[in-house]
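Any read-out appearing in this document is the output of simple, stated calculations on the displayed coordinates, not a laboratory observation. Since the model is a prediction, treat every value here as computed from it, not as a measurement. Neighbour counts run over all protein chains shown; Cβ positions are idealised from the backbone, glycine included.
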């Protein structure tokens, strides 16, 4: 919403404040000002002056030397100009030495303005400059009397009658004004009109609110003799008012109206169009004018369209309709899409004789949805969408007719046809000042409240326990809404600041957050940087990750209205973002990149689920550069230790993760649950992402980690008796894994086994092909006593026997 | 005898004084004091001394021995000290050489900002709760007083999965879950991802984070809301931070407000950072709308409360002076390592 401040001042005549004061105060009382443009910001020392004498420039054909009278006392200065339209006796705006103009005469605007200093033009002294309208930062759109090219001439223009030489020309042009841009919230439909904002301004500054006085209009005829109205779709049209104007004289509207419209960003067209736009700005009520001679059967019927109907709107476009769209019809055909756009077949032309004027109140939701289906948005629809007050409709209609009479645009026919079956009446809201004060933490008195409410035309009863709300304030429905009105005018800034006084509460994190934080800290301690990627991605990701066509991971929640295919499904696998980030770093030549993300996945049994998906956080670690499978494995193990998971973690290559190297991947199992996996990224996948070196991934399911994480540590005592170690050196087939060896050591080692540690692994010349050697240190300890060789030997024999059973040879 | 002892003594002292390493000192010790040393020899020759002379001679030998030992030890100490000094000198290092470190990783700036925010609110007694990101339309809208076809529903550019399921557009949906699960009072804070159909640019992202706060109790006031958020702003942005509350509209709060904080770059004078305003918009807030309470079966005459929603990225970008939101999702380590 853009409005010149002068238009507000027209209805709050006593408003006397700077633009900044206005903006600040309005924002604090709830009408947020987004920005203000002062028309005079770059204008200075510009006065009304008169050219008394013109001489030729001695050295330039295109320049003339003017003697310019700058006050009524007769003082003159010399100004050299190249303008062609000057003449002796011309009254012009002139900027004096040291003054400022906004731009060049070609309409270009210079930020901060252009300073005018006295100087010499081709050797002749010039002490100022005469101005064109463009140099004042304006256009012929809002100053139509300005010449197409040249200095603005005041002579013979009635609106400038009475100006005196030396007067402030900025004032004369009405440029000590500002365009204010408001952010109006959707609940304040009344403030989409200048009247509404002016009412707020009057209340804010505690000045009288003087809205336009709308007088009765029209001749002795009756509109109902010209037109009848039938509303069939009463659910979509709560009120329809028709009036008739005859003997229309299309002409430009007066300059003051054009200027106000231009300031609102509306291009002036002619008196009739300008009046409807003007009233729409004032009251927020859109209106439409039909050429009555095109209306068949003297009849308007408001009804829904039929599926498949088409209609040509006044912009010449054919529109497809459906049964949800509300139409304005005459006795034979459709003449407009209600509230959105009129028809080409009934539009006003320059030779219109008689006009049907429509002001109606259409259902906002229907207009919004229809507009979207048709693919058409208009200023009028934008207003209707907000849900208008049907009582404003009549005021706006009468105001428009009044302007038609005032501007001599036509002869208004008396009376109106008003279909308003269920008039909206003001409603009563029970009011409790005590509750308001309790809600706000204030102690505002009843007299003060009465004052605030009066300015807002909220009618508080004698007893102070009920408020009658005018129909334009559809947002005021209960006590809390009235509390807001009190808060706004008492001042949000004056409400005290306290802390809640209720019972003290123990704040804190849920266990899941703590588990996540522990993992996060562990990853950071292992040089990993935290990354963040989107939750939605392209369904093509599954191809990139080499998932089978029927893989369950491909069942991903699908967004109906995504920003594009790349953001269209919710991730079920957490690694795409990680691989993309690794690729970004690889491409930017960042070395040794280690990243991790706490990435939510969204698991569902359908693309379009009925129930909400299983959302679970997966911790993904990824690295390129330094490190290998085993450094990734080590980091995962450290994270598990940090989570207090001291039990046995096992790793098995099930070969089931398509995006990992088939020979270099493992599922991580803890307590019989697959809590994660890790591995080297499949070279085809690395290629697909454009990662030109080996990359490793590790993934932990944080929901499962939460099941096992345990921070309830217990001290176990430090061993008092010495440990005893044995080294075993073995040769075995390559296929036998360390996991198999270790499982035997654990099973056979019994209670006294303290630890085992692989200290050598070798394949090569000294070992026959297909075989490898491995060497372990196995350590035993008895917590109760010093171990004896005999005991340890017995256990070792058991271990060795079992190892031999799976084909392990011992090296002696 | 006396002369002999004196000559041994003099020789020993001169030899000790002139010796310049440990070996020589040891040799002196062995030669004079050792088992076959000169003094020992004298003691061994005692049998030739007259019996009455023996104690006297013995005492003289012992005195000589003690004197030599003292000299020896003195020299030894002196020598050790010198050796240590030499060692220290030889071991001197260039302390300006680079340190050896195991490099720490870095948390995402968003996480750092969130941790700080959560630290503040958990300190004020708020409990952190979580809620679903893929959400029932009802929880995201209707239960928050945004009925079907409400213009506010359109304004938020919602991503839909089905007619009933959306990607939540606001963390306020968590309010509803909390009210459904337990009885008031509540004091919760809920961070999380939200989604809106905004194209990606320097200041917009279709996915971002909000932090929702909700307090409901018997005597909560708008003044408490102001006080709480002013305290938050001071702890988050520095003790001199000023706050400004402006009326606003949210369907689920009444009265509603937006809070600005004084620009932490210029302190409120106006700069490029705050676009000359001196103030920066930080969050939306208000008193929980009575209808939102009623829908959950909570009597608005008994319980009142306030709610607020903070855009986390906004705080991250402002606090760390990051000029492009896309950097947060690119994960270039040269960016991440700065925090």
Worksheet item: Under Stokes-Einstein, with the Kirkwood radius over Cα pairs standing in for Rh, what whole-number D in µm²/s applies to the range B:83-169 at 37 °C and 0.692 mPa s?
Response: 174 µm²/s
Practice prompt. For an R0 of 30 angstrom, estimate the FRET efficiency from the Cβ-Cβ distance between residue A:53 and residue A:164 and round to the nearest 0.05.
Written response: 0.90
Fill in: Modelled FRET efficiency - R0 60 Å, residue A:521 with residue A:111, Cβ distances, 0.05 increments
0.75
Worksheet item: How much length is gained on full extension from residue A:220 to residue A:41, taking 0.36 nm per residue of separation minus their Cα-Cα distance?
Response: 59.4 nm
Discussion item. Starting from the Kirkwood Rh over alpha-carbon pairs, what translational D in µm² s⁻¹ does chain B have by Stokes-Einstein at 37 °C and 0.692 mPa s?
Written reply: 122 µm²/s
Fill in: Nearest-0.05 FRET efficiency for residue A:563 and residue A:592, computed from C-beta distance (R0 41 Å)
0.75
Worksheet item: How many angstrom lie between the C-alpha centres of the range A:314-379 and the range A:402-440?
Response: 24 Å
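Run the helix sum for chain A: -39,500 (n - 2.57) per DSSP H stretch of 4+ residues, divided by residue count, reported at 222 nm to the nearest 500 deg cm²/dmol. Display every interim value, and only then the final one.
Details: 20 runs with 209 residues, N = 812.
After summing the helix terms and dividing by the residues of chain A, the value is -7500 deg cm²/dmol.
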Worksheet item: When only C-alpha pairs under 8 Å and at least 6 residues apart count, what is the relative contact order of chain A, in percent?
Response: 8 percent
Worksheet item: How fast does the range A:427-494 diffuse by Stokes-Einstein, in µm²/s, taking the Kirkwood radius from C-alpha pairs at 25 °C and 0.890 mPa s?
Response: 209 µm²/s
Fill in: Ranked packing of A:804-810, A:483-489, most packed first, by mean Cβ within 10 Å
A:483-489, A:804-810
Fill in: Peptide B:187-196 - average C-beta neighbours from other chains (10 Å radius)
2
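Note down, for the range A:223-419, the three equivalent ellipsoid semi-axes (square root of 5 times each alpha carbon gyration tensor eigenvalue), biggest first, whole angstrom. Write down the numbers at each step before the final one.
On the way: eigenvalues 118, 70, 51 Å².
Working from the Cα gyration tensor, I get semi-axes of 24, 19, 16 Å.
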Discussion item. If a paramagnetic tag sat 7 Å from the Cα of residue A:747 along the Cα-Cβ line, which residues of the range A:780-812 would have the backbone N under 18 Å from that point?
Written reply: A:795-809
Worksheet entry | Fewest-first sequence of A:311, A:629 by Cβ atoms within 10 Å of each Cβ | A:629, A:311
Worksheet item: Ranked highest first by average number of other Cβ atoms within 10 Å, how do A:95-103, B:237-245 line up?
Response: A:95-103, B:237-245
Practice prompt. Evaluate the Kirkwood expression for the hydrodynamic radius of the range B:207-304, namely the inverse of the mean inverse distance over all pairs of different C-alpha atoms, and round to one decimal in Å.
Written response: 14.7 Å
Item to complete: Take peptide A:605-615, look around each residue's Cβ out to 10 angstrom, count Cβ atoms belonging to other protein chains, and average those counts.
Response: 4
Worksheet entry | Value of [θ]222 nm, deg cm²/dmol, for chain B, DSSP H segments ≥ 4, -39500 (n - 2.57) each, nearest 500 | -12500 deg cm²/dmol
Worksheet item: If each of residue A:181 and residue A:806 carries a label point 7 Å out from its Cα toward its Cβ, how far apart are those two points in nm?
Response: 7.3 nm
Worksheet, complete the sentence: Here the relative contact order (percent) of the range B:97-256, from C-alpha pairs under 8 Å and at least 6 apart, is 21 percent
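What do you get for Rg/Rh of the range A:44-172 when both radii come from the Cα atoms and Rh is the Kirkwood radius?
My calculation of the ratio gives 0.93.
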Discussion item. I want to check the label-to-label distance for residue B:320 and residue A:75. Put each point 7 Å from Cα in the C-beta direction and report it in nm to one decimal.
Written reply: 6.2 nm
Worksheet, complete the sentence: Checked the range A:308-377 against the a/c 1.5 cut and the a/b vs b/c comparison, axes a ≥ b ≥ c from its Cα gyration tensor; verdict prolate
Discussion item. What does the C-alpha gyration tensor say about the overall shape of the range B:2-90? Classify as rounded when a/c is under 1.5, otherwise prolate if a/b is larger than b/c, or oblate.
Written reply: prolate
Response to the item:
With label points set 7 Å from each Cα along the Cα-to-Cβ direction at residue A:703 and residue A:148, the distance between them in nm comes to 7.4 nm
Response to the item:
Counted neighbours (other Cβ, 10 Å), sorted fewest up, put A:362, A:173, A:711 in the order A:711, A:173, A:362
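Against the empirical 2.2 N^0.38 Å scaling, what ratio does the C-alpha Rg of the range A:511-708 come to?
Working: Rg = 16.1 Å, N = 198, 2.2 N^0.38 = 16.4 Å.
Against the compact-globule rule of thumb, the ratio is 0.98.
Need one number for the range A:45-116: average projected area of the convex hull over its C-alpha atoms, nm².
5.3 nm²
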Worksheet item: How big is the Cα convex hull of the range A:26-84 in projection, averaged over all directions, in nm²?
Response: 7.4 nm²
Practice prompt. Shielding by partners for B:91-104, please: the mean number of other protein chain Cβ atoms within 10 Å of each residue's Cβ.
Written response: 1
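Obtain the radius of gyration and the Kirkwood radius of the range A:703-812 from its C-alpha atoms and give Rg over Rh.
1.07
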Practice prompt. Could you work out, for the protein assembly as shown, what percent of all Cα-Cα pairs fall into each 10 Å distance bin, beginning at 0 Å and stopping at the bin that holds the largest distance?
Written response: 2, 7, 12, 14, 14, 13, 11, 8, 6, 5, 4, 3, 2, 1, 1, 0, 0
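Quick one, can you get me the convex hull of the C-alpha atoms of the range B:49-91 expressed as volume per residue in Å³?
41 Å³
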Response to the item:
Over all pairs of different Cα atoms in the range A:665-749, the reciprocal of the mean inverse distance gives a Kirkwood radius in Å of 17.6 Å
Response to the item:
Most packed first (mean Cβ within 10 Å per residue), the peptides B:164-174, A:418-428 order as B:164-174, A:418-428
Practice prompt. Hey, could you grab the Kirkwood Rh for the range A:366-445? Inverse mean 1/r over distinct alpha carbon pairs, Å, one decimal.
Written response: 17.3 Å
Worksheet, complete the sentence: Dimensionless Rg/Rh of the range A:238-343, both radii on Cα and Rh by Kirkwood, sits at 1.00
Worksheet item: So what is the relative contact order of the range A:724-810, in percent, for Cα pairs below 8 Å that sit 6 or more residues apart?
Response: 43 percent
Worksheet item: Between residue A:424 and residue A:140, 0.36 nm times their residue separation minus their Cα-Cα distance comes to what?
Response: 97.9 nm
Item to complete: Can you put A:777, B:316 in order of Cβ neighbours within 10 angstrom, beginning with the fewest?
Response: A:777, B:316
